[in-house]
Amino acid sequence: MNAQLAKKMKNVSSLCLTLCVSILLTVLALFIGDLKSVNDIDWVDAAGEATTSMMSAIWFILLMLCRPRGRVTTVLLLGSATYWLTTWLDLLDEFIAYPLQSHLFTWLESLPAPVSMTLLTWGLVTWYREQQAVNRQLKQREHFHREHSLIDPVTQLYSLRYLLIQLNREAILHDKRNQPLSLVMVDIKGFAQYNRVHGVQKGDESLNEVASALEIALRETDLACRYTSDRFAVLLPETPPDEARVFSQLIQACCNSALKGTLTVTTVQATRIAGESEQALFERLNQQLAGAKRTSSVAMDGEDGRCL
């Protein structure tokens, strides 16, 4: 509030100073010269000068209202204020006749004009450069947000969108260089029910535990992403099926250890076939995961029957 009040006071001060100067010049003009008779006034010129003075006054006020305080604003205000005073003196010249031996107002009408134009041009060029710098910052900020849209806000892992970008890139290398490319899917069993019972905060804590376990278990070349709400996908470049199976078991053990019995995860892995689309690879993984979950459910039912 204090900063806004100070800004308004500075704007009012600039306007008041300009008005005071215009009043002094008007009084001085009336003191030196004499009012013209109605028949001596060129009303067409007077209307044109009045319109020019009014427009320049509007520009000056708009600059005060719209521009933040600073060096560029000061230059623009000086230029626009000087220009308005020049137009105001031109308007007075249509109504006041000055003595032939007095050249003061002739100088005041002529000399400030190039000064005001120079100040306005300098201010506008500086404003243009300033705007270019602002635009660069906005582009950088836009790039920052665009890049951060590839980050999952809960786990800080990469999102599915980024996974698809990298998977497409690795698939091209896989086809070109004939290198193995594997993918592991990690599913948190019963996560939706856990969220309903314990709340979203506890659910987010579990997701972060899994994300931390994945970051610890993986190599530098691997990529862990959040696939859906309760699933993660791990991209394993240059990893054949046997190694992918070992990594899948390692990931499952690390995640279950991090969750400390509150939840458990199921992992499945698949190695991409040459020419296989990303969609087909994900469908194969999802089918394997559905089968693994059914097998787990049957095993648990069998254990419950034996207990009974």
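Counting only protein chains, not ligands or nucleic acids, how are Tyr158, Tyr83 ordered by accessible area (probe 1.4 Å), most first?
Tyr158, Tyr83
Subtracting the Cα-Cα distance from 0.36 nm times the residue separation, let me have the gained length for Met117 to Thr26 in nm, one decimal.
30.5 nm
What net charge is computed for the residues neighbouring Asp187, neighbours being all others with C-beta under 10 Å from the C-beta of Asp187, Lys and Arg scored +1, Asp and Glu -1?
Around Asp187, the charge tally is +2.
Based solely on C-alpha atoms, express the radius of gyration and the Dmax of the range 196-257 in angstrom.
For the range 196-257, the Cα-based Rg and Dmax read 12.8, 41 Å.
R0 = 41 Å: FRET efficiency of Arg169 with Ala192, Cβ-based, nearest 0.05?
About 0.80, to the nearest 0.05.
How big is the range 176-218 along each principal axis, measuring the range of its Cα positions in Å and listing the largest first?
That works out to 48, 19, 13 Å along the principal axes.
I need the shape label for the range 168-277. Rule: rounded when a/c is under 1.5, else prolate if a/b > b/c, else oblate, with a, b, c from the alpha carbon gyration tensor.
Because a/c hits 1.5 or more and a/b exceeds b/c, the range 168-277 counts as prolate.
If I compute solvent accessible area with a 1.4 Å probe over the protein chains, what percent of it on the range 172-308 is carbon and sulfur?
That share works out to 52 percent.
Just to confirm, what accessible area per residue do you get for the range 152-308 at 1.4 Å probe, in whole Å²?
Spelled out: the 1.4 Å probe surface of the range 152-308, per residue, equals 54 Å².
Going by average Cβ neighbours within 10 Å, how do the peptides 84-92, 222-230, 37-45, 280-288 rank, with the highest at the top?
Taking the mean over residues of other Cβ atoms within 10 Å, the ranking is 84-92, 222-230, 280-288, 37-45.
Taking R0 as 35 Å, what FRET efficiency do you get between Gln288 and Asn178 from their Cβ-Cβ distance, rounded to the nearest 0.05?
My answer for the efficiency is 0.90.
Just how many pairs of Lys in the range 160-298 have C-alpha atoms closer than 16 Å, counting pairs that are eight or more places apart or on different chains?
Taking the range 160-298 as the scope, the lysine pair count is 4.
The values are calculated or read from the model by the stated rules, or taken from the named source; none is laboratory data. Treat the numbers as computed from the prediction; the structure is a model and nothing was measured. Please note: Cβ atoms are built from the backbone with ideal geometry, for glycine as well, and neighbour counts cover all protein chains shown. Accessible surface areas use protein heavy atoms only, side chains included; no ligands, DNA or RNA. Shrake-Rupley method; radii C 1.70, N 1.55, O 1.52, S 1.80 Å.
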